[in-house]
Each structure stands twice: as structure tokens, then as C-alpha cells.
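Q: Okay, handing you the structure first.
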Amino acid sequence: MRFITQRRRFSDLSEQEVLALAISSEEDDAQIYRMYAERLRADFPDTAKVFDGMAKEEDGHRQRLIELHRRRFGEVIPLIRREHVAGYYARRPVWLVENLGIERIREEAEGMERDAERFYLTAAKRSQDADTRKLLGDLAAAEAGHQYTAGRLEQEHLTDDAKAEEARTAHRQFLLTWVQPGLAGLMDGSVSTLAPIFATAFATQDTWTTFLVGLAASVGAGISMGFTEAASDDGELSGRGSPVKRGFASGIMTMVGGLGHALPYLIPDFWTATVTAIIVVFIELWAIAWIQNRYMETPFFRAAFQVVLGGALVFAAGALIGSG
């Protein structure tokens, strides 16, 4: 509570402080756009140019605000930033957004301009001072103008060919970072855990013991696959993206693949649980074949044959070992 009470209310700010807050906000937003541009420059150079242009626009608005402050209040600008004002719109940390993909970055940039415009419009309506009201209205108009500027810059730099190329690059990155490791994990979790789970099931015919073995095998395999994927390639040379993302995708999908046919053994009746688990296994294998066909462009029947044959062999091995 002490931290909250030390923040200034917007209604208590003087006109000079409002102007100083606008200056610091424009400076921060320009820096954010430059960081987005730098993040995207290697893979999406045309979109990076859009953010470069938006950063320059923010610089221009900041310079005009500084000139206005110099005319009205002198050279010394009070140090006041967003975090000093209660209720003022906040920006998400760049590192929370820059790894979420190009479309998410574009949406965040649009939201930045809308938030600023809406805030200034609301503040202008609440102000009783004519000069302050005009100042806030001008700031709202400037923020609205940024949105039109963004559209103009996109038309200038993002041609249809550039958009198509960036879409292909984004799709390829999605496949390499998420789909490929996740598919490998799902295949490993679904197939490799068949033998220990069904061997335990037929050897003990105890559903709770089988569930515990399946849970341990799934979690252990997920942890192993996750760390293996993350440690095997840092993504710098291969272009496969963040090792952390790939590790999570592989590890989580490995665990999901194993748990799919382990969870039915929470059913107390052995044969009911086993038949349900077998049905789940076939659903998992067909899902893997569909993903291979949908994202990896593998012919569906070839993918289905490979996956089902491999799964059937592992299942048979587990069942035979457990029955013996």
C-alpha cells in the first residue's frame, strides 16, 4: 500500500507535469518500436522498416512537445514517467511480447496507440482547465494520427509479395519451433510408454499400479525429452528458434502422449480400463498421423501406416512381456 500512495494521481498533475509525462511516454514508445524493429529485422525486414518509421514519428512528436514545453515552461523538464502516476496506462515489458510472433507484436503496437489515445481523451473530458483540456486533446489527436501513420507505412513497405514472404517465414518458424518438437514429443510419449504401461497392466492386472507406472513413465519421458530438445540445439545456426520454447513443446507433448493411455487405469475394473486405454492409443496414433499430414505435408495413409505399425509393435511387445 505504501508504494501505491506514493504515486501521483493524474488529476493532481500540473500542466507542465502533464507535458513532461507526454514527453517521456513518447520517448519510451519510440524505444519500444526500435526494439521491435531490431527483433524482427533478420526474419521480417519489411515489417522492421514499418517499426523504424513509427519510431521516427514518435521522435517527431516528442520533439514538438519539447519545443512546446520550452516556450511555456523553459528548458528544465520535470522527471515524471508512467510508473509515477496512478492509473496511467502501462506498457508490457518488451521481452514478454517480442517472443510471441510477428502478429502479436503488430497487435501490441496497435494497442499501444489505442491506449494512449483513449487515455488522453478521457483525461481531457475530466479536465476543468481550458488550456489543459486543449493540451490533452492535442495529444489524443497525435496518438490517433500515429495509427494512420502506421497504416501508411505498412502500405509503403509491406507489399503483397513482402506480406506473403513474411507469412511463409512465420509459418516455417512456427513449424520448426513448436510443431516439429511437439510432434516428436507426442510420438515418443504415445509410443515409447506403451510397452511399460501395458506390460505392467497384463503382469499385475492392478489398475492403480498400472496408472502409477504410466504416470511415472510419462512424466519422466516428458522431462527427459524436454531437456534433450533444449540442450541439443540452441537454434542459432539451425534457425529452429528458442531452445526453451522447443523444450517446453517437446516435453509437454511427450507427457500428454503418455498420460493419454495411462489415465484410463484410474478406472477400477481392469478390462474396462484396458479397452479404454487401447481406444485412446488408436486416437493418439491417428492424431499423430493427422498432424504429420496437416503440418509436415506427409501423405496421410503413409503417416498412418508408419505410426500405427510402430505403435502396434510396441503394444504387442508390452503385452507379450507382461503376459509372460
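Q: Taking the inverse of the average 1/r across all pairs of different Cα atoms in the stretch 172-323, what Kirkwood radius in Å do you get?
A: 15.6 Å
Q: Continuing with this model, one more query. R0 = 35 Å: FRET efficiency of Asp269 with Ala90, Cβ-based, nearest 0.05?
A: The computed FRET efficiency comes out at 0.05.
Q: Divide, for the stretch 244-324, the radius of gyration over alpha carbons by 2.2 N^0.38 Å, where N is the residue count.
A: After normalising by residue count via 2.2 N^0.38 Å, the value is 1.24.
Q: At a Förster radius of 30 Å, what calculated FRET efficiency corresponds to the Cβ-Cβ distance of Arg41 and Val244, to the nearest 0.05? Mind showing how you got there, number by number?
A: Values: r = 22 Å, r/R0 = 0.72.
Step by step, r from the Cβ atoms, then E = 0.85.
Q: Which distance in nm do the two modelled labels at Trp290 and Lys56 give, with both placed 7 Å along the Cα-to-Cβ direction?
A: 4.9 nm
Q: Please work out how much length the chain gains when fully extended from Asp206 to Ala130, using 0.36 nm per residue of separation minus the C-alpha to C-alpha distance, in nm with one decimal.
A: Result: 19.4 nm gained on full extension.
Where a number appears in this text, it was derived from the coordinates with a stated rule and is not lab data. In this text the structure is predicted, and so the values were computed from the model without any measurement. A quick note on method: Cβ atoms are made from the backbone with ideal geometry, for glycine too, and the neighbour counts reach across all protein chains shown.
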